[in-house]
1. At 0.36 nm per residue, minus the direct Cα-Cα distance, what do Arg492 and Ala373 gain on full extension? Give it in nm, one decimal, please.
2. Going 7 Å from the Cα of Arg113 in the Cα-to-Cβ direction, what parts of region 36-74 have a backbone nitrogen less than 14 Å from that spot?
3. Once fully extended, how much extra length lies between Leu46 and Asp449, figured as 0.36 nm per residue of separation less the alpha-carbon to alpha-carbon distance?
4. In the neighborhood of Met351, defined by Cβ-to-Cβ distances under 13 Å, what is the net charge if each Lys or Arg adds +1 and each Asp or Glu adds -1?
5. Could you tell me the center-to-center distance, by alpha carbons, between region 305-322 and region 213-239 in angstrom?
6. Please compute the contact order of region 15-186 in relative form: average sequence separation of alpha-carbon pairs under 8 Å and at least six residues apart, divided by the residue count, as a percent.
7. Give a residue-ordered list of calculated ³J(HN,Hα) values for region 420-435 (Karplus: 6.51 cos²θ - 1.76 cosθ + 1.60, θ = phi - 60°; whole Hz; x for Gly, Pro).
8. Would you please give the residues with an amide H less than 5 Å from that of Trp297, counting only those at least 5 places away or on a separate chain, with H modeled from the backbone geometry?
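All of the numbers you see were taken from the coordinates with simple rules; none came from a lab. Because the structure is predicted, anything quoted here is derived from the model rather than measured. Glycine also receives a Cβ, built like all others from the backbone with ideal geometry; neighbour counts cover every protein chain displayed.
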Amino acid sequence: MRVRREGARTAGQPLRVLLVHANPFQQVTPVPPYGLECLKTAVTDLNVEVEILDPYLFAADPVAAAARHARERRPDVVGLGLRIVEDCIVIDDPDAETGAVEDITWFMPEIRRLRAALGEAAPEALFLCGGAAFSAFPRECLDYLEVERGVVGAGEAPFRLVLDRLASGAELRAIPGLVRRSDTDPLDAYQLSFAGRPTLREPLYAPANSFPVRTRIGCAMQCAYCLTANLGRRYENGALEVVLDELEQTVATAVERGVARIPVFFADDEFNLPDERHSIAVLRGIVERGLADKLTWRAYFNPTPFSAELAGLVRQTNGHASVTVDTASAEVMRRAQKPFRRRHLDDLIEMVLRHELPADLGLIFGLPGETEATLAETIEFVRSLPPSIEVSYSSGARVYPHTPLAAIAREEPEWLLGADDPSFFEPVVFCSPCPPRDLARRLRREFADLPHVRAAGVGFASGRRTVAHAYRVATGAAPTTTWQDVLDEAERPGDYQRMPGESLAAVMQVALWHERLDLVASATKRLLRFRGALPDGLTRRKLRIARLALGLLTTFDRLKRVGRRGRGS
Ligand code: B12
Ligand code: SF4
């Protein structure tokens with residue numbers, strides 16, 4: 001079928017593409033729209049104009065702002081990036097006195113509102129979905145959003161082909177990864193590929209929540225509850241030189257903006273699966289290229305393989321291992337299809353301690369097979385850990401369509417709570433041997449004396465919007481609030497994601513990134529007055545020097561502006 005492009009460009013005119021980050025959680029944890037950046041990078045040599053829009057981060061009324069933008073730009077293609085469909089936090093508030101059995105905020109109704117508004121604003125455009133969450137259950141998303149086409153898995157190659165064909169007026173046929181709403185098994189189309197060149201980053205994003213760098217795609221495992229299980233154990237490594245070039249470029253751009261050391265997140269499902277050879281090669285490359293002092297990094301790890309060589313390199317390159325443990329019980333591990341056994345877990349702890357590695361362990365209580373006895377076993381394991389190892393835990397697991405857990409859930413409906421949706425597209429939670437809120441309260445009691453153990457993540461309902469507000473003020477995009485409000489909010493204790501000192505430093509970094517020296521100066525002043533703990537690496541002496549330098553720079557900046565005005569420019 002040939003896709004109609006009314007109002008289409010005349011020959012030679014570039015195709016206009018609007019990539020929209022359809023992600024309301026940007027208000028709570030803003031991350032760069034890395035998937036969309038990868039798509040844009042993949043078509044830099046085509047005759048196309050690609051623009052990335054992140055309405056939930058930069059606009060006070062995201063749907064209206066996105067629609068307005070689409071109306072003005074009249075794009076030929078609108079890409080919707082569905083990185084997440086929900087906040088994934090089963091219990092956000094253990095004490096909530098609502099009748100709700102779980103607290104997951106499902107974003108699909110909001111995303112449907114966004115899609116409808118964009119559809120009205122750009123009725124001629126070809127709509128295309130993609131993204132990590134989309135790719136795990138594409139048919140359900142296309143139906144719900146009433147979009148005809150989507151790309152399943154890595155989007156670089158299919159996106160390129162789609163634009164190429166549209167530009168030449170050819171049909172959108174036989175493009176690997178491109179699926180139709182009517183396709184019966186779109187998961188079969190899953191793509192694993194890389195652009196083959198370092199990702200070009202949008203300059204808007206400060207490293208407030210780290211820069212993602214993908215080194216491999218997919219996963220050779222199939223844990224029962226995991227979205228990635230829907231890939232069917234497929235994976236591919238990125239080319240080493242390209243990964244290292246991307247790291248080097250990211251560091252260089254940050255240095256240009258006055259950030260001496262950047263936080264990176266290796267955006268892989270598990271950095272050390274299916275083997276550690278690739279991860280070791282990446283870390284060795286960091287050392288060889290002299291990048292180790294210029295970055296810190298974090299990645300998800302499976303407890304095994306984790307050799308002494310890998311541990312040494314993690315340490316040498318300033319890494320932090322977030323280990324996907326889930327449970328310490330052999331029976332729960334077996335039923336969850338976890339790719340390790342208890343002895344691997346014990347070996348990992350020993351390795352982490354021996355190499356003094358910064359690490360945290362992620363647990364999920366309530367998985368299939370969880371009983372009073374297995375709960376007690378995992379609780380005992382957690383209690384045996386030293387306080388240097390942080391632990392975060394969830395109570396209950398979201399059942400996603402097509403996963404092995406969905407099959408288990410059909411067999412054991414007595415442990416299900418949430419939406420009445422047999423397809424599991426709307427949030428349904430599996431939690432054994434008791435409802436998740438009860439389990440969350442119980443675990444809080446069990447770990448009350450262990451400050452390094454806490455409930456996992458932050459939900460949309462309880463998450464602070466401080467960093468998003470900082471972006472809006474710093475870019476002037478939607479000053480819904482003043483900089484003083486941002487600083488007050490940052491200094492107020494109770495943010496799950498950061499201590500007040502860290503929050504002040506994070507908003508200061510956003511201002512610095514956007515060269516708003518006036519805002520940096522007032523954040524510095526506030527940090528100097530602040531009596532609590534400062535983040536690692538920041539001292540009052542450094543702040544005083546920065547204040548002096550900023551005083552000079554802002555005066556210079558002001559003089560420059562006055563001079564320009566005087567010359568009538
Ligand atoms: C690293 C990571 C994080 C880091 C991010 C650090 C950073 N600075 O970016 C941290 C820890 C901060 C994080 C936070 C969260 N995360 Co996270 N995260 C990941 C992880 C492992 C990698 C993401 C990534 O960058 N991938 C690499 C990029 C290149 O891939 P991509 O985005 O998929 O894009 C490709 C394709 O999807 C496609 N594509 C993407 N968009 C589009 C659009 C179109 C039009 C087309 C055609 C194609 C296309 O092409 C791209 C290039 O190949 C993914 C799992 C995964 N494998 O993706 C989970 C994942 C995205 N996270 C998830 C979740 C739930 C969250 C949180 C909500 C958790 C929380 N409550 O705090 C937040 C949300 C933050 C936010 N604003 O979105 C879930 C989402 C699923 C769901 N249930 O909705 C995932 C899928 C993990 C999982 N298996 O469950 N996350
Ligand atoms: S090893 Fe990790 S990414 Fe792979 S299926 Fe299991 S939980 Fe998912």
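1. The span from Arg492 to Ala373 would gain 38.8 nm if fully extended.
2. Output list for this probe position: 56, 60-67.
3. 139.2 nm
4. Charge balance in the 13 Å sphere: -3.
5. Using only Cα atoms, the two centres lie 21 Å from each other.
6. RCO, region 15-186: 23 percent.
7. 8, 9, x, 7, 6, 5, 7, x, 10, 10, 9, 8, 10, x, 8, x
8. Val264, Gly319, His320
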